[in-house]
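The values are calculated or read from the model by the stated rules, or taken from the named source; none is laboratory data. The structure displayed is predicted, hence computed values, not measured ones. Here Cβ is always computed from backbone atoms with ideal geometry, including for glycine, and neighbour counts include all displayed protein chains. When the accessible area is computed, the model is the full protein with side chains, heavy atoms only, and any ligands, DNA or RNA have been set aside. Shrake-Rupley method; radii C 1.70, N 1.55, O 1.52, S 1.80 Å.
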Amino acid sequence: MEHGSYQDQSKATFSLTDEDHTLANSLRFTLNQDSRVTFCGYSIPHPSDARVNIRVQTTGDAAREVLKDSCQDLMLMCQHVRSTFDQAVLDFKNQKNLEAVNIK
């Protein structure tokens, strides 16, 4: 859910349900790497509420588009980490001659 102004789309707060610090802090990190972002922060209204509020303010671009771009950047980072990890496991198994052992 997006909370913002129709007149100024460069500032908005997004509420993400069923999320916690894991996604919120990762998104905050990727958003702060974007030169279009002037402010980004998140809060969790209550520990028992599985909801995260992410505030995004930009230099003029629509906050929704900047958030979407950051989500895509985060997805690419996660894919890179996963492929690097998988390759390291494969290299380790080959180095130690562990093909017969099923390490997952």
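Numerical summary
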item	result
Any chance A12 is of a type in the set (G, A, S), in a strand (DSSP E or B) and at pLDDT below 95	yes
Members of region 9-31 that are touching a Gly at 6+ places or on another chain (Cβ under 9 Å) and β-branched (V, I, T)	T13
In region 18-39, residue farthest from L74 (Cα to Cα) [restricted to those that are of a type in the set (D, E, K, R) and open to solvent by 50 Å² or more (accessible area, probe 1.4 Å)]	D18
Residues satisfying the stated conditions in region 40-64, i.e. open to solvent by 80 Å² or more (accessible area, probe 1.4 Å) and either assigned to a helix (DSSP H, G or I) or of a type in the set (A, V, I, L, M, F, W, C) (or both)	R64
Matching residues, region 16-57, being touching a helix residue (DSSP H, G or I) at 6+ places or on another chain (Cβ under 6 Å), small (G, A, S) and without any contact (Cβ under 8 Å) to a residue 24 or more places away in the chain	none
